[in-house]
Ligand code: SUG
């Protein structure tokens with residue numbers, strides 16, 4: 001029986017709509033898919049349609065689904081800030097000639113990975129009873145560090161009600177406060193509307209710690225996670241800071257959501273995900289109170305870190321589908337195509353754990369840049385009053401899904417190569433598409449180019 005004192009709440013997923021400049025520039029050191037696919041031809045139209053189909057599937061399954069609009073790319077303002085001048089077209093030509101790597105960074109459609117947009121704490125966890133948002137500063141990668149301003153504006157547009165939603169600025173303070181948002185943040189609870197335990201996972205401790213030295217960058221710092229926990233007004237007895245193992249980072253696990261995922265009272269994880277598993281289990285058990293937590297741990301012997309990262313089995317969404325007993329894993333198709341991983345998953349749903357169903361989605365275009373189903377979404381737990389305050393333009397409906405599919409067909413290219421980034425037509429196409437998007441979503445002028 002649900003406790004009458006616990007407000008009914010749901011977990012809503014907001015997915016990043018994939019932008020028309022989706023391409024493979026090899027920008028993310030330590031993200032193996034990004035490096036392996038560098039300079040390949042991308043398919044922006046297919047990418048956006050895969051993302052939309054994934055959102056629609058979750059909507060069909062009865063989950064609340066939201067859409068976050070893409071950012072303006074290329075980011076001409078950043079190029080100007082870096083000293084390129086003249087008309088917008090001249091800025092592109094000059095950047096292409098003298099600093100093509102900077103142009104590629106300013107062209108990345110990386111805001112699609114909404115798991116890195118922000119850290120979100122539900123109102124049942126926060127001191128002031130509001131939902132708290134901190135946009136991620138994404139300091140580790142230049143092409144991602146330029147997302148935060150627009151992300152902040154977008155979140156304030158979607159969750160526009162001071163009584164229910166509190167918006168913080170992205171953390172300042174340089175690399176010591178590197179923050180990659182919800183990709184390193186899990187929450188364990190009995191029911192979504194109940195106070196939960198927020199589990200922050202960091203890869204480095206920047207102020208004096210030798211363990212932090214890894215060959216691949218550890219992107220999330222302990223200092224950043226602690227600052228967010230303070231700013232969100234989380235109860236100190238309900239916060240855990242756990243270190244991701246360096247082994248994972250060295251194997252290409254650049255975010256924690258590549259090796260673990262949580263939902264309600266379940267933590268599904270690779271055996272080697274955390275630096276000190278015993279300590280983590282102890283702390284979770286201590287802080288979670290009456291509700292036992294299920295640790296569903298995949299042994300390294302069954303699935304190696306290499307296979308886990310290649311198949312992105314943990315970059316899945318673990319969800320409760322209304323009317324369905326047990327939890328469902330929404331997994332990337334790649335985890336079905338790896339025979340070992342697939343056999344393991346089939347066996348897993350027969351075991352005595354809450355995970356009972358598998359659903360596979362095709363997000364291959366995003367996967368080639370290291371972004372699986374879970375990377376594409378930002379989870380926001382909302383009670384009924386808060387849900388009613390979400391800007392309805394951003395809620396996926398049958399209608400919006402159809403309209404956005406047509407919009408993609410109309411505006412997106414089939415293919416994009418590194419050379420195409422020098423084509424000034426791409427800038428005009430992007431602006432035309434975003435201009436129409438703001439009309440579809442009834443947003444007025446949202447983007448910089450609309451205000452110039
Ligand atoms: O930050 N890839 C993204 C992938 C983000 C995945 N997010 C989560 N795990 N939550 C990144 O590394 C590659 C872009 C390129 O190489 O063109 C990129 O940015």
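For segment 129-146, what are the residues that are farther than 30 Å from residue 384 by Cβ and in contact (Cβ under 8 Å) with a residue 24 or more places away in the chain?
Of everything in segment 129-146, those that are farther than 30 Å from residue 384 by Cβ and in contact (Cβ under 8 Å) with a residue 24 or more places away in the chain turn out to be 137, 138, 139, 140, 141, 142, 143, 144, 146.
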How many residues does segment 196-215 contain that are buried (at least 20 other Cβ atoms within 10 Å of the Cβ), over 18 Å from the mean Cα position of the chain (by Cα) and modelled with pLDDT under 95?
1
Inside segment 391-434, can you point out the residues that are assigned to a strand (DSSP E or B) and surrounded by fewer than 19 Cβ atoms within 10 Å (Cβ to Cβ)?
395
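Here's the yes/no breakdown for (1) within 14 Å of residue 366 (Cβ to Cβ); (2) within 12 Å of the ligand (Cβ to nearest atom); (3) under 18 Å from the mean Cα position of the chain (by Cα); (4) without any contact (Cβ under 8 Å) to a residue 24 or more places away in the chain:
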| position | (1), (2), (3), (4) |
| --- | --- |
| 9 | no, no, no, no |
| 13 | no, no, yes, no |
| 39 | no, yes, no, no |
| 46 | yes, no, no, no |
| 63 | no, no, yes, no |
| 78 | no, no, no, no |
| 107 | no, yes, no, no |
Among (1) touching a helix residue (DSSP H, G or I) at 6+ places or on another chain (Cβ under 9 Å); (2) in a helix (DSSP H, G or I), which single condition is residue 218 missing?
(2)
Of the conditions (1) touching a helix residue (DSSP H, G or I) at 6+ places or on another chain (Cβ under 6 Å); (2) more than 14 Å from the ligand (Cβ to nearest atom), residue 22 satisfies every one except a single condition; which number is it?
(2)
Please work out which one of (1) within 14 Å of residue 120 (Cα to Cα); (2) without any contact (Cβ under 8 Å) to a residue 60 or more places away in the chain is the condition residue 149 fails and give its number.
(1)
For segment 112-147, which positions are closer than 20 Å to residue 174 by Cα and within 11 Å of the ligand (Cβ to nearest atom)?
116, 117, 136, 138, 140, 141, 142, 143, 144, 145, 147
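The values are calculated or read from the model by the stated rules, or taken from the named source; none is laboratory data. As the structure is a computational prediction, the values presented were derived from the model and not from experiment. We place every Cβ from the backbone using ideal geometry, glycine too, and count neighbours over all the protein chains shown.
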